[in-house]
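Asks: Quick one: structure below, then a few questions.
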Amino acid sequence: MKLSVIGCGYLGAVHAAAMTSLGHDVVGIDVDEAKIAKLSAGETPFFEPGLPEILSAGIASGRLSFSTDMADAADADVHFIAVGTPQRRDGAGADLRFVDSSVQSLLPHLKPGALVVGKSTVPVGTAARLAELVNPTGARLAWNPEFLREGFAVKDTIEPDRLVYGVATESKDQDTAILDEVYASAISSGTPRIVTDYATAELVKVAANSFLATKISFINAMAEIAEVTGADVTQLADAIGHDARIGRRFLNAGVGFGGGCLPKDIRAFAARAEELGRGESVAFLKQVDEINLRRRQRLVDLVVDSFDGRVFGRRVAVLGLAFKPDSDDIRDSPALDVAVRLKGLGAEVVSHDPEAIPNALRLHPQLTYADSVDQALEGAEAVVVVTEWKQYRELDAAATAAKVARPVVFDGRNVLHPGAWRAAGWTYTGMGR
Ligand code: UGA
């Protein structure tokens with residue numbers, strides 16, 4: 001099929017390359033010339049395992065191209081809208097500027113019968129509003145939320161765990177058939193598919209992210225209780241996780257969630273619910289957000305307490321900057337936030353991350369960045385693990401102790417083995433254990 005993908009950020013670039021690898025002809029459109037130049041040269045603008053390979057293969061096949069000119073999308077039968085919906089600067093709601101402008105600039109290029117497919121995460125009601133703009137051109141609109149996780153984005157796009165199509169009642173069968181053709185490979189391998197209306201499709205996405213955020217904040221709330229009772233939240237999570245109704249995944253307590261999705265999505269959902277007069281229905285999301293943000297300060301407090309309240313001038317190695325491993329994304333990153341807060345208190349913070357330093361440096365040039373873990377550890381009086389990269393999880397406690405000035409470690413992701421670290425002479429502190 002001939003597809004266009006409007007917006008070549010995280011979602012769009014992965015979607016464009018993945019759709020090409022499934023056999024479609026794809027053009028990716030973005031207003032950012034530098035990004036398009038990079039992608040056209042086969043370079044990924046961000047770190048995502050597996051993406052460089054499918055991007056270069058797509059370009060080499062001649063079926064994947066990128067452009068800043070919307071007219072280059074005119075040939076496509078299906079147009080995916082994959083632009084960002086960040087938090088508004090003046091409030092908690094979603095900023096729909098990019099969605100609106102991309103649909104507006106696509107309108108003059110739509111062929112009759114073309115299908116515009118929204119993938120961006122939007123407040124419920126957006127699709128119905130956009131359909132009123134699209135339908136008069138003779139094209140139609142569907143909403144098809146995306147559930148990819150950073151770090152697994154390629155796999156999640158090619159082999160999603162479910163497909164959700166929000167379609168107009170009048171063209172339900174027709175639009176479902178088109179989307180089935182786009183996702184023929186996933187459909188043929190039995191991927192569950194839910195065909196529904198616009199509002200449900202839009203809500204599925206924010207409900208899923210709200211549930212995940214709530215699960216993480218739930219276990220972090222238990223960590224807060226564990227901290228004052230001497231209980232171990234990791235064992236608690238293991239024990240409740242054995243109940244299949246609860247499940248162990250997304251029950252890792254620590255410094256909390258960040259990234260470009262969960263934090264802004266729960267805030268936008270709460271804001272939208274307020275607009276709909278149902279603020280109370282999701283009022284708990286405010287607490288989910290608050291619990292989450294408290295964890296960052298809690299970790300900072302633990303570090304400061306270890307210096308008897310005087311962290312000024314003390315050398316602290318912060319391991320991790322990305323919001324999660326296998327990503328260079330620092331949007332709303334708890335790791336970066338902890339480094340910035342400690343630095344703000346006068347600590348001599350030295351940060352390391354295998355991938356995220358260039359992004360962090362751009363936003364926070366005031367921080368000190370180490371080229372290697374060893375360089376970060378040198379002379380450290382406290383080591384703080386805030387992103388669970390494999391290389392940090394596998395640090396050898398004894399060898400690491402030999403590199404630092406004071407063997408005091410804070411495990412912000414509860415990924416180190418407390419017994420092994422204590423046995424090697426470390427003062428170990430986890431989050432709620
Ligand atoms: C999230 C969702 O998981 C995806 O399904 C969704 O498609 C995506 O948002 C999106 O809306 O685009 P992602 O932001 O890549 O994906 O990251 P997650 O894997 O969900 O992790 C989010 C944060 O939660 C990370 O900071 C992670 O460290 C933290 N986390 C995760 C925990 O603190 N504890 C856990 O048990 C799990």
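The values are calculated or read from the model by the stated rules, or taken from the named source; none is laboratory data. These numbers were taken from a predicted model, which means no experiment stands behind them. Glycine gets a Cβ as well: all are built from the backbone with ideal geometry, and neighbour counts include every protein chain shown. Areas reflect the complete protein model, heavy atoms only, side chains present, ligands, DNA and RNA absent. Shrake-Rupley method; radii C 1.70, N 1.55, O 1.52, S 1.80 Å.
Asks: Anything in region 1-44 that is part of a helix (DSSP H, G or I) and of a type in the set (V, I, T)? List them, or say none.
Replies: Listed by number, the residues that qualify are V14, T20, I36.
Asks: Could you list, in sequence order, the residues of region 365-397 that are in contact with a Lys or Arg (Cβ under 8 Å, 6 or more places away or on another chain) and either of a type in the set (V, I, T) or surrounded by fewer than 19 Cβ atoms within 10 Å (Cβ to Cβ) (or both)?
Replies: Q366, D374, E378, G379, V385, V386, T387
Asks: Do the conditions hold for L133, that is, is it crowded, with 22+ Cβ neighbours inside 10 Å, of a type outside the set (V, I, T) and more than 15 Å from the ligand (Cβ to nearest atom)?
Replies: Here the answer is no, as L133 does not meet what is asked.
Asks: Still on this model: Does F284 count as among the aromatic types (F, W, Y) and more than 16 Å from the ligand (Cβ to nearest atom)?
Replies: Taking the combined requirement at face value, the residue satisfies it.
Asks: Name the residues in region 325-352 that are over 16 Å from F410 (Cβ atoms), open to solvent by less than 30 Å² (accessible area, probe 1.4 Å) and either more than 16 Å from the ligand (Cβ to nearest atom) or in contact with a strand residue (DSSP E or B) (Cβ under 7 Å, 6 or more places away or on another chain) (or both), would you?
Replies: G346
Asks: If the requirement is being in a loop (DSSP other than H, G, I, E, B) and either touching a residue at least 60 places away in the same chain (Cβ under 8 Å) or surrounded by 22 or more Cβ atoms within 10 Å (Cβ to Cβ) (or both), which of these qualifies: L321, L302?
Replies: Just one listed residue meets the conditions, L321.
Asks: Report whether or not G241 is in contact (Cβ under 8 Å) with a residue 24 or more places away in the chain and not polar (S, T, N, Q).
Replies: When the stated conditions are applied, G241 does not pass them.
Asks: Additional query: Given the criteria small (G, A, S), touching a strand residue (DSSP E or B) at 6+ places or on another chain (Cβ under 7 Å) and either surrounded by fewer than 18 Cβ atoms within 10 Å (Cβ to Cβ) or in a loop (DSSP other than H, G, I, E, B) (or both), does S120 qualify?
Replies: yes
Asks: Every residue in region 307-324 that is more than 21 Å from D265 (Cβ to Cβ) and within 11 Å of the ligand (Cβ to nearest atom), please.
Replies: G320
Asks: If I291 meets every condition in (1) among the aliphatic types (A, V, I, L, M); (2) part of a loop (DSSP other than H, G, I, E, B); (3) open to solvent by 10 Å² or more (accessible area, probe 1.4 Å) apart from one, which number is that one?
Replies: So I291 meets the others, but not (2).
Asks: Could you please give the count of residues in region 398-433 that are within 18 Å of A223 (Cα to Cα) and either open to solvent by 50 Å² or more (accessible area, probe 1.4 Å) or at pLDDT below 95 (or both)?
Replies: Final tally of qualifying residues: 2.
Asks: Sticking with this structure for a sec: Quick check: is even one residue across region 60-72 β-branched (V, I, T), touching a Cys at 6+ places or on another chain (Cβ under 9 Å), farther than 27 Å from V164 by Cα and in contact (Cβ under 8 Å) with a residue 12 or more places away in the chain?
Replies: For region 60-72, residues β-branched (V, I, T), touching a Cys at 6+ places or on another chain (Cβ under 9 Å), farther than 27 Å from V164 by Cα and in contact (Cβ under 8 Å) with a residue 12 or more places away in the chain: absent.
Asks: Name every residue in region 325-368 that is within 20 Å of L51 (Cβ to Cβ) and touching a helix residue (DSSP H, G or I) at 6+ places or on another chain (Cβ under 6 Å), in order of residue number.
Replies: Matches in region 325-368: D328, I330.
Asks: Any idea how many residues of region 134-149 are under 30 Å from the mean Cα position of the chain (by Cα) and in a helix (DSSP H, G or I)?
Replies: Qualifying residue count, region 134-149: 1.
Asks: When the residues of region 189-206 are filtered to those that are free of Cβ contacts under 8 Å to residues at least 60 places away in the same chain and in a helix (DSSP H, G or I), which remaining residue is surrounded by the most Cβ atoms within 10 Å (Cβ to Cβ)?
Replies: V204
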